[in-house]
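One structure below.
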Amino acid sequence: MPTDPTLIIDLIYKSTKEQNSLLPQITRLVKLMYLAEVEYFRQERRRLTGLDWKFYLFGPYPVSFENVLGDPEIETNEWKSGRTSKQIVRDEELFMQARADFSTETIVKGIVRDWSDADLNQLLDFVYFETEPMQNARRGEHLDFSTIQPLASKKFQINLDSEQVSKLRKQLTERAKSYVELRQPSSPPDELLKNLEIWDQEEPKVFPSGPCKIRIDDLAPEE
């Protein structure tokens, strides 16, 4: 059963707060939702939500977004540069309680970690040119998530010459024999043990226990 898109928004907001990032403006929010859809399909091979994504104007956009959200409260922010941005207002107490299955929450947290604070142009370039549905769509068309490549573990094959391997094994065996003596425990000479014993006996006399005083004059260098 597809996940409610508003839950994905709340999970994005929740992860953003937990990672001490700024809540996303609508443009970034839509792109984060799209990336969550892409990664969910990549891992689960099914859609995350029932949103109808389309190559709209310059990028992916869920054409049914407004209908799903209803009439949300929109906050407009004005920047010093004169630019304005809009943000969907969600109840923080509610979105911090948002819960989903492990896979969904893990994917959303990863998307937020990687892209919530990224440069917007970098995010847009990745969405437009590096995700399979956008690579295979034309403007105005619905996006086909089935074009997304599944996760696959890379396999490495190493071809070894059996004669060379046998030769190396023989060399290692011969070399290991020379290490036997090195691995034997060593015994300190008797003279060293006697010197250490004398040191232990004399040290309390040289450095008696208890408080001590240091005179500054004693620290001055000798002329």
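The values are calculated or read from the model by the stated rules, or taken from the named source; none is laboratory data. Quantities reported herein were computed from a predicted structural model and do not represent experimental measurements. No Cβ is skipped: glycine too gets one built from the backbone with ideal geometry, and neighbour counts run over all protein chains shown.
Some points to look at:
- All positions within region 107-135 that are touching a residue at least 40 places away in the same chain (Cβ under 8 Å) and among the small types (Gly, Ala, Ser): GLY110, SER116
- If you go through region 78-96 and keep only what is of a type in the set (Phe, Trp, Tyr) and modelled with pLDDT under 90, you end up with just TRP79.
- Matching residues, region 7-20, being over 14 Å from ILE107 (Cα atoms) and touching a helix residue (DSSP H, G or I) at 6+ places or on another chain (Cβ under 7 Å): GLN19
- The residue of region 7-60 that is surrounded by the most Cβ atoms within 10 Å (Cβ to Cβ), among those that are in contact with a strand residue (DSSP E or B) (Cβ under 6 Å, 6 or more places away or on another chain) and in a strand (DSSP E or B), is TRP53.
A quick yes/no check of all residues on (1) touching a strand residue (DSSP E or B) at 6+ places or on another chain (Cβ under 7 Å); (2) farther than 30 Å from ILE12 by Cβ; (3) surrounded by 10 or more Cβ atoms within 10 Å (Cβ to Cβ); (4) at pLDDT 65 or above:
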residue: SER116; (1), (2), (3), (4): no, no, yes, yes
residue: VAL127; (1), (2), (3), (4): yes, no, yes, yes
residue: LYS155; (1), (2), (3), (4): no, yes, no, no
residue: LEU182; (1), (2), (3), (4): no, yes, no, no
residue: PRO204; (1), (2), (3), (4): no, yes, no, no
residue: PHE207; (1), (2), (3), (4): no, yes, no, no
residue: PRO221; (1), (2), (3), (4): no, yes, no, no
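- In region 64-82, the condition of being aliphatic (A, V, I, L, M) and closer than 20 Å to GLY110 by Cβ is met by no residue.
- Residue check, ARG169 under 30 Å from TRP53 (Cα atoms), at pLDDT 75 or above and not polar (S, T, N, Q): no
- THR76 surrounded by fewer than 10 Cβ atoms within 10 Å (Cβ to Cβ), among the β-branched types (Val, Ile, Thr) and either touching a residue at least 60 places away in the same chain (Cβ under 8 Å) or not in a helix (DSSP H, G or I) (or both): yes
- For SER85, the stated conditions do not hold, so it cannot be described as surrounded by 13 or more Cβ atoms within 10 Å (Cβ to Cβ) and under 24 Å from ARG139 (Cα atoms).
- All conditions in (1) surrounded by fewer than 16 Cβ atoms within 10 Å (Cβ to Cβ); (2) out of contact with any helix residue (DSSP H, G or I) (no Cβ under 7 Å at 6 or more places or on another chain) hold for GLN149, with the sole exception of (2).
- Test: residue in region 32-41 that is closer than 24 Å to ASP125 by Cα, acidic (Asp, Glu) and touching a helix residue (DSSP H, G or I) at 6+ places or on another chain (Cβ under 6 Å): yes
- Remark: pairs (first residue in region 79-106, in contact (Cβ under 8 Å) with a residue 60 or more places away in the chain; second residue hydroxyl-bearing (Ser, Thr, Tyr); Cβ separation under 7 Å; 6+ apart in sequence or on different chains) = LYS86/THR76; ARG90/TYR13; PHE95/TYR13; ALA100/THR3; THR104/THR3; THR104/TYR40.
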